[in-house]
Amino acid sequence: MPKKSGTGIIVGRFQVFELNQVHLNLISAIQQKHSTVAVYLTSNPAPGLHNPLDFELRRLMFEEKFKGKLRIEENA
């Protein structure tokens, strides 16, 4: 297996109440190739029907699942 290097970046809305297996597979694939993984959550200044979750709720969802192994940022 090649040596991990650099930072893998994932940009997305992640407007779900729980990460599903597709999300977990994507993150795992990026973690296998990169020494650091940053997730940029697109901003949501006015939650609504199609985008109900604000940044803080989504950040907490990632923190709970990955316990600090990812860098979580808001993409404003």
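Give the cross-link partners of residue 4 among the lysines, using a straight C-alpha distance below 19 Å as the criterion and excluding same-chain residues fewer than 8 apart.
33, 69
On a 0 to 90° scale, report how tilted helix 55-66 is relative to the longest principal axis of the chain, with both axes built from alpha carbons and the result rounded to the nearest 10.
Tilt of helix 55-66: around 40 degrees.
Using Cα atoms only, what is the angle between the long axis of helix 21-33 and the major principal axis of the chain, expressed in degrees (0 to 90) to the nearest 10?
Computed tilt is about 40 degrees.
Restricting to DSSP H runs of at least four residues, report the calculated mean residue ellipticity at 222 nm for the chain, -39500 (n - 2.57) per run over all residues, nearest 500 deg cm²/dmol.
-10500 deg cm²/dmol
About its Cα centre, what dipole magnitude does the chain give when the only charges are +1 on Lys and Arg Cβ and -1 on Asp and Glu Cβ, stated in debye to the nearest 20? Display every interim value, and only then the final one.
On the way: 10 positive and 7 negative charges, 96 e Å.
Here the size comes out at about 460 debye.
Rounded to the nearest 0.05, what FRET efficiency is calculated for residue 63 and residue 5 with R0 set to 35 Å and r the Cβ-Cβ distance? Could you put the intermediate results ahead of the total?
On the way: r = 25 Å, r/R0 = 0.71.
Rounded to the nearest 0.05, the efficiency is 0.90.
May I ask you to list the chymotrypsin sites (Phe, Trp or Tyr not before Pro) in the chain that are in a DSSP loop and have at most 11 other Cβ atoms within 10 Å of their Cβ?
17
Where a number appears in this text, it was derived from the coordinates with a stated rule and is not lab data. Owing to the predicted nature of the structure, the values given are computational and were not obtained by experimental measurement. Neighbour counts run over all protein chains shown; Cβ positions are idealised from the backbone, glycine included.
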